[in-house]
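Since every read-out is calculated from the coordinates, none of them should be taken as a lab result. Quick caveat, the model's predicted, so the values are computed rather than measured. Please note: Cβ atoms are built from the backbone with ideal geometry, for glycine as well, and neighbour counts cover all protein chains shown.
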Amino acid sequence: MRVCVLCRRKTVVMPVGGGIVANTYGLAAGLLFRGIRLVQCPTSFLNAHDAAASSQKQAINHTGYKNIVGLYHVPTMALIDTSFYETLGVTELKAGLGELTKNAALFG
């Protein structure tokens, strides 16, 4: 397990990508040394809203079950670059609007 040799307690994990990338690296950040710093850099509209409002849970799917392996690990911050949205299709933008609507209803 080479990753443990490369990491230290003060290491910062900074995944750049969509939801799968964010959750996988978020889970790893929460497990290493019982939690190292996590800075989310979402590239999808949906994940940007998730990272900004409700990304306490870091979980992955396993053996056909959704979010079955996970933990609570709050990111230190989220860095959101909206220029990534220009590369998204209509389906991805609609999914992001759905997440925005959900977060607005839950968090005001």
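Within the straight-line cut-off of under 27 Å between alpha carbons, the lysines reachable from LYS66 are LYS57, LYS94, LYS102, sequence neighbours fewer than 8 places apart in one chain being disregarded. For the residues ILE20, ILE68, ILE60, a GNM of the chain with alpha-carbon springs under 10 Å puts the largest fluctuation on ILE68. Centre-to-centre separation between the Cα atoms of the stretch 21-46 and those of the stretch 50-91: 8 Å. Taking amide H positions as modeled 1.01 Å from N, with prolines and chain starts lacking one, the residues under 5 Å from VAL13 and 5 or more places away or on another chain are ARG37, LEU38, VAL39. Dipole magnitude for the stretch 9-107: computed about the Cα centre from +1 point charges on Lys and Arg Cβ and -1 point charges on Asp and Glu Cβ, it is near 480 debye.
Give, as a single signed number, the net charge of other residues whose beta carbon lies under 15 Å from the beta carbon of ALA52, with Lys and Arg counted +1 and Asp and Glu -1. It works out to a net charge of -1. Relative to the current alpha-carbon distance between LEU93 and PHE33, full extension at 0.36 nm per residue lengthens the span by 18.0 nm. Computed from the C-alpha gyration tensor, the three semi-axes of the ellipsoid equivalent to the stretch 9-107 are 22, 16, 13 Å, from longest to shortest.
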